[in-house]
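**Q** Let me give you the structure first, and then I'll get to my questions.
The values are calculated or read from the model by the stated rules, or taken from the named source; none is laboratory data. Just so it is clear, the model here is predicted, and its values are computed rather than measured. Every residue, glycine as well, gets a Cβ built from its backbone with ideal geometry; the counts of neighbours run over all protein chains shown.
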Amino acid sequence: MFVGMGAAKVRDLFKQADEKAPCIVFIDEIDTVGKKRDGGGFAGNDEREQTLNQLLAEMDGFDGRKGVVILAATNRPDSLDPALLRPGRFDRRIPVELPDLKGREDILRLHAKNIKISDNVDFNAVARAASGASGAELANMINEAALRAVRDGRKYVTQADLEESVEVVIAGYQKKNKVLTTKEKLIVAYHETGHALVAAMQTNSAPVTKITIIPRTSGALGYTMQVEENDHNLMSREELENRIATLTGGRVAEDLVFHSITTGASNDIEQATKVARAMITRFGMSDEFGMVAMETVNNAYLGGDTSLACSEATAGKIDAMVVDLVGRSYKKAEKIISENMPKLHELAKYLYERETITGDEFMDILNKKPETETAQLSDTTA
Ligand code: ZN
């Protein structure tokens, strides 16, 4: 609210606070006025600096006994002027991070109070599936579930509504009218089964809870959902390597079955590369570099973009190591799928027919004794 209005507005704000005490002054997006001031003053923004100076002056002169609490919020605490954070000003920080499992469950329950919901809903299961979701996304999930119940003419939100709404928020709506050719659907079925098979055959890999080949509005043609049993804060080197192998599993299955590869793996490639790079440059999980940071995280609050902090020669070496790590994971996935070819065909066929299968169905087929004949699905594209 301050931008362009200057120091006078700040004075007025504190005057009002003084009159209305006890009260709370809340400044949202404080970084718009509270950015670090330029040392040189060459490209300085006079208007903004005056506003900031006024804010600092007002905060110093404020009588704490009057019962005025000054709060501010920002997504960029690292960009704030240090003067703002000195004792007597904004001297207490409360980081608001993404909610953990317990937090997600509580947030879901809180928002669910406003809607009619069936008694036997397992909020814990929904919270587990919504790993990594923010408070706003969780609120949205409850809203989506309510809309779905209304659309279906039901009076109560059910577990199925909530599970579907988690997917809607994560992956977008089901695109029921999206036409995939038979061949494409078959490729997607093998691709997703490839991911799930590699995940299931590795120890220390989150269990598969659902596989679907119903296209979503986000552009995903299918996906494999893995849900950790508990909240996971530490990832071991082995788990990360397994994750990369699981990500390559889709492409591996396509290549082994159809002997041609598609663009369907683009997102997998992006993610696998990201994990591999982070292992080498940030987590100290390479034998060559050990515990040396090659990359620094600029802002842990907003997505955490990184910048390289090493020589050009090292950067080249890192690239080669990323290629090597992903390549080794690909070989590992290839080995797993080759050794389980009959299961791949059986599972892909089942998924192709059902379009969505649960983790339990998947594990049942996987653990069942091999059938004598599991013919490979034939390509029946007209
Ligand atoms: Zn994939």
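**Q** Residues of the range 268-295 being at positive phi and either surrounded by 14 or more Cβ atoms within 10 Å (Cβ to Cβ) or under 23 Å from the mean Cα position of the chain (by Cα) (or both), which ones?
**A** Hit for the range 268-295 is 284, nothing else.
**Q** Scan the range 257-277 and report the pairs whose first residue is closer than 22 Å to residue 243 by Cβ and whose second residue is small (Gly, Ala, Ser) and within 9 Å of the ligand (Cβ to nearest atom), with Cβ atoms within less than 7 Å and a gap of 6+ or a chain change.
**A** That search, which allows pairs on different chains as well, returns 264/250; 265/250; 268/250.
**Q** Output the residues belonging to the range 125-168 that are surrounded by fewer than 19 Cβ atoms within 10 Å (Cβ to Cβ), touching a Leu at 6+ places or on another chain (Cβ under 8 Å) and not hydroxyl-bearing (Ser, Thr, Tyr).
**A** 132
**Q** Just to be sure before I move on: is residue 244 within 16 Å of the ligand (Cβ to nearest atom) and over 17 Å from residue 271 (Cβ atoms) in the structure I sent?
**A** no
**Q** Consider only pairs whose beta carbons are under 6 Å apart and that are at least six residues apart or on different chains; among these, list those whose first residue lies in the range 88-99 and is closer than 13 Å to residue 62 by Cβ and whose second residue is of a type in the set (Asp, Glu) and part of a loop (DSSP other than H, G, I, E, B).
**A** Hits for this filter: zero, empty list.
**Q** With the structure loaded, tell me whether residue 239 is more than 10 Å from the ligand (Cβ to nearest atom) and surrounded by 14 or more Cβ atoms within 10 Å (Cβ to Cβ) or whether it fails that test.
**A** Spelling it out, residue 239 is indeed more than 10 Å from the ligand (Cβ to nearest atom) and surrounded by 14 or more Cβ atoms within 10 Å (Cβ to Cβ).
**Q** Looking at the range 67-84 only, could you name the residues that are over 21 Å from residue 9 (Cα atoms), touching a helix residue (DSSP H, G or I) at 6+ places or on another chain (Cβ under 9 Å) and in a helix (DSSP H, G or I)?
**A** Once the filter is applied, which keeps residues that are over 21 Å from residue 9 (Cα atoms), touching a helix residue (DSSP H, G or I) at 6+ places or on another chain (Cβ under 9 Å) and in a helix (DSSP H, G or I), the range 67-84 yields 77, 79.
**Q** Now for a separate question. Collect the residues in the range 259-295 that are within 16 Å of the ligand (Cβ to nearest atom) and touching a Lys or Arg at 6+ places or on another chain (Cβ under 7 Å), keeping them in residue-number order.
**A** Within the range 259-295, 261, 265, 268, 275 meet the criteria.
A quick yes/no check of all residues on (1) within 30 Å of residue 134 (Cβ to Cβ); (2) surrounded by fewer than 12 Cβ atoms within 10 Å (Cβ to Cβ); (3) modelled with pLDDT under 90:
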site	(1), (2), (3)
266	yes, yes, no
298	yes, no, yes
318	no, no, no
336	no, no, no
342	no, no, no
350	no, no, no
363	no, no, no
370	no, yes, yes
378	no, yes, yes
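**Q** Something else about it: Can you pull out the residues in the range 270-290 that are more than 17 Å from residue 305 (Cα to Cα) and out of contact with any helix residue (DSSP H, G or I) (no Cβ under 8 Å at 6 or more places or on another chain)?
**A** Across the range 270-290, the qualifying residues are 284, 287, 290.
**Q** OK, next. Which ones in the range 169-220 are within 22 Å of the chain's Cα centre (by Cα), away from the ligand (no atom under 15 Å from the Cβ), of a type in the set (S, T, N, Q) and surrounded by fewer than 16 Cβ atoms within 10 Å (Cβ to Cβ)?
**A** Listed by number, the residues that qualify are 204, 217.
**Q** Hey, does the range 296-310 have a residue that's within 13 Å of the ligand (Cβ to nearest atom), on the phi < 0 side of the Ramachandran plot and under 18 Å from the mean Cα position of the chain (by Cα)?
**A** no
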